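The structure appears right after this line, and notes come after that.
The values are calculated or read from the model by the stated rules, or taken from the named source; none is laboratory data. Nothing here was measured: the structure is a model prediction, and the numbers come from that model. FYI the Cβ positions are ideal-geometry reconstructions off the backbone, even for glycines, and counts take in every protein chain you see.
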Amino acid sequence: MTRPDEFTRVFRQGRRISAGSLQIVCAPSEAGYARLGLAVAKRILPRAVDRNRAKRVIRESFRHQAADLPPLDVVVTLRGGKIRGVPADMSNRLEALWLRLATD
């Protein structure tokens, strides 16, 4: 997902699932397959290197699970207070969230 109106639609109509500092907002996809959008705020991860690493981890996890997911537009956000660095267990939390999406 790249266009602002796609993100707006997902945030308004989407269902929220969270695990720790990760939150997934998902809505049915008009494209017919699962698509990923990322919203990682500077307020949450102040250093660009940490934001970029978090996005890489999220993209890689999604790439492995995309074929098993229903046709959804998925936006992954980090929430909570400032996080120092990228949490080591982010991949495990993402796997649990993808599994919840696939089974619902």
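Descriptive notes on the structure:
- Look at (1) under 15 Å from LEU97 (Cα atoms); (2) touching a Leu at 6+ places or on another chain (Cβ under 8 Å); (3) among the basic types (Lys, Arg) and you find that ARG51 fails only one, number (1).
- In segment 51-68, the residues that are surrounded by 19 or more Cβ atoms within 10 Å (Cβ to Cβ) and among the aliphatic types (A, V, I, L, M): ALA54, ILE58
- Lone qualifier among LYS42, LYS55 - being within 16 Å of LEU78 (Cβ to Cβ), free of Cβ contacts under 8 Å to residues at least 12 places away in the same chain and not polar (S, T, N, Q): LYS42
- Among residues of segment 1-39, those that are free of Cβ contacts under 8 Å to residues at least 60 places away in the same chain, crowded, with 17+ Cβ neighbours inside 10 Å and part of a loop (DSSP other than H, G, I, E, B), counted: 2
- Of the residues making up segment 70-104, those that are crowded, with 18+ Cβ neighbours inside 10 Å and either in contact with a strand residue (DSSP E or B) (Cβ under 9 Å, 6 or more places away or on another chain) or modelled with pLDDT of 95 or more (or both) are LEU72, ASP73, VAL74, VAL75, VAL76, THR77, LEU78, MET90, LEU94, LEU97, TRP98, LEU101.
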